[in-house]
1. Looking at the range 181-238, which of its residues are out of contact with any His (no Cβ under 9 Å at 6 or more places or on another chain) and among the hydroxyl-bearing types (Ser, Thr, Tyr)?
2. For residue 97, all conditions in the list (1) touching a residue at least 40 places away in the same chain (Cβ under 8 Å); (2) out of contact with any helix residue (DSSP H, G or I) (no Cβ under 7 Å at 6 or more places or on another chain); (3) over 21 Å from residue 233 (Cα atoms) hold save one; what is the number of the exception?
3. For the range 76-88, which positions are assigned to a strand (DSSP E or B), surrounded by 10 or more Cβ atoms within 10 Å (Cβ to Cβ) and in contact with a Ser or Thr (Cβ under 9 Å, 6 or more places away or on another chain)?
4. Limited to the range 205-229, what total is found for residues that are surrounded by 16 or more Cβ atoms within 10 Å (Cβ to Cβ), more than 16 Å from the chain's Cα centre (by Cα) and in a helix (DSSP H, G or I)?
5. Of all residues in the range 90-124, how many are more than 23 Å from the chain's Cα centre (by Cα), of a type outside the set (Val, Ile, Thr) and surrounded by 10 or more Cβ atoms within 10 Å (Cβ to Cβ)?
6. Within the range 232-278, count every residue that is at positive phi, over 13 Å from the mean Cα position of the chain (by Cα) and either buried (at least 24 other Cβ atoms within 10 Å of the Cβ) or not hydrophobic (A, V, I, L, M, F, W, C) (or both).
7. Answer yes or no as to whether residue 92 is at pLDDT 95 or above, touching a Leu at 6+ places or on another chain (Cβ under 8 Å) and more than 23 Å from residue 304 (Cα to Cα).
8. Determine which single condition residue 127 fails, assuming it passes every other condition in (1) surrounded by fewer than 17 Cβ atoms within 10 Å (Cβ to Cβ); (2) under 21 Å from the mean Cα position of the chain (by Cα); (3) on the phi > 0 side of the Ramachandran plot.
Amino acid sequence: MRKWIAITALALAPCQPVWAQEAAESETEASQFADTPDVGSIANITPEMVRGAAELVTEGKVYRLGIVSGRDTPVWGPREYDIEIIDLGVNGPNRVTGHDDRVSTHMGIGTQIDGLGHIGLDGVHYGGVPASEIMRPDGLVRYGAENLPPIVTRGVLINMAAHAGVEVLEPLASFGAAEIQAAAAAQGVTVRRGDVVLFHTGWLSRIGEREVFVNQAPGLNENGAQWLVEQGVVAVGHDTASGETNAPSPDGRILTVHALLIAQHGVYILETVDTRELAADGVHEFLFVLGAPRLEGNVQAIVNPVAIR
């Protein structure tokens with residue numbers, strides 16, 4: 001067993017692909033997170049990239065990319081959300097009143113970012129770190145989402161539905177490198193190192209069909225994920241709850257995109273991203289901003305990313 005874990009750890013250990021070597025030679029500024037291995041692909045973002053992304057803001061229009069997380073949000077498995085409002089009563093001679101709240105929730109409800117502690121292969125996580133070194137029942141002690149740096153970089157939207165000539169992709173549809181490159185070229189999009197790439201499939205229009213929305217989503221396949229890794233992206237997002245196609249793998253493997261992106265390459269996954277307004281406005285390039293809540297020890301985080309053009 002120890003030998004198997006060692007082999008798996010070696011397979012998941014960070015390696016520097018060709019694009020990283022070439023980029024390192026051409027970059028004039030190092031990432032401020034270059035010496036922080038636990039941030040994964042966020043270390044690809046340099047100050048130069050942040051400044052370049054800021055220059056994309058020409059209109060000042062802001063897009064909210066998060067949906068509401070609540071009791072009725074379609075979720076994977078037995079995830080639950082509950083909130084209690086506490087009446088603080090009447091206080092002081094000036095009779096100040098107010099309310100407090102207490103939330104009990106799984107963090108994988110609604111728009112979310114999957115951290116590096118979320119997915120491993122055979123008990124080994126990104127960087128060859130065994131689960132025993134990161135997981136405790138009362139919170140992660142490594143790779144906790146509270147340690148995610150703010151993500152500020154260039155965002156791109158690739159409208160896969162529009163490229164297919166439909167409003168919504170078919171259930172279980174999948175797209176790989178060839179389809180992504182064709183759609184991107186048709187829409188004038190170039191995927192670069194340090195980008196956050198969002199895919200619009202139109203699937204949020206079916207969010208009212210709970211079982212269909214969760215279990216039959218279209219999306220990225222393993223081939224497409226590998227191509228995105230080779231481009232050096234920081235995160236990949238979908239307007240679906242799965243973050244990848246729900247089509248079954250021919251060899252029976254599950255969550256192949258999650259495993260490839262998160263466990264093997266430290267690339268983050270964003271799920272249930274509201275891409276509708278960006279798609280409606282025909283926006284394909286923008287400043288992307290995400291700050292995750294700093295809840296101690298959490299595996300993933302409910303987020304409300306922002307796109308600015």
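The values are calculated or read from the model by the stated rules, or taken from the named source; none is laboratory data. Just so you know, these numbers come straight off a predicted model, no measurement behind them. As a convention, Cβ positions derive from the backbone with ideal geometry for all residues, glycine included, and neighbour counts pool all protein chains shown.
1. Matches in the range 181-238: 190, 205.
2. Single failed check for residue 97: (1).
3. Scanning the range 76-88 gives 81, 82, 83, 88.
4. So the count comes out to 5.
5. 2
6. Going through the range 232-278 one residue at a time, the tally reaches 2.
7. On the way: at pLDDT 95 or above: yes; touching a Leu at 6+ places or on another chain (Cβ under 8 Å): no; more than 23 Å from residue 304 (Cα to Cα): yes.
No: the conditions fail for residue 92.
8. Only one criterion is unmet by residue 127, namely (1).
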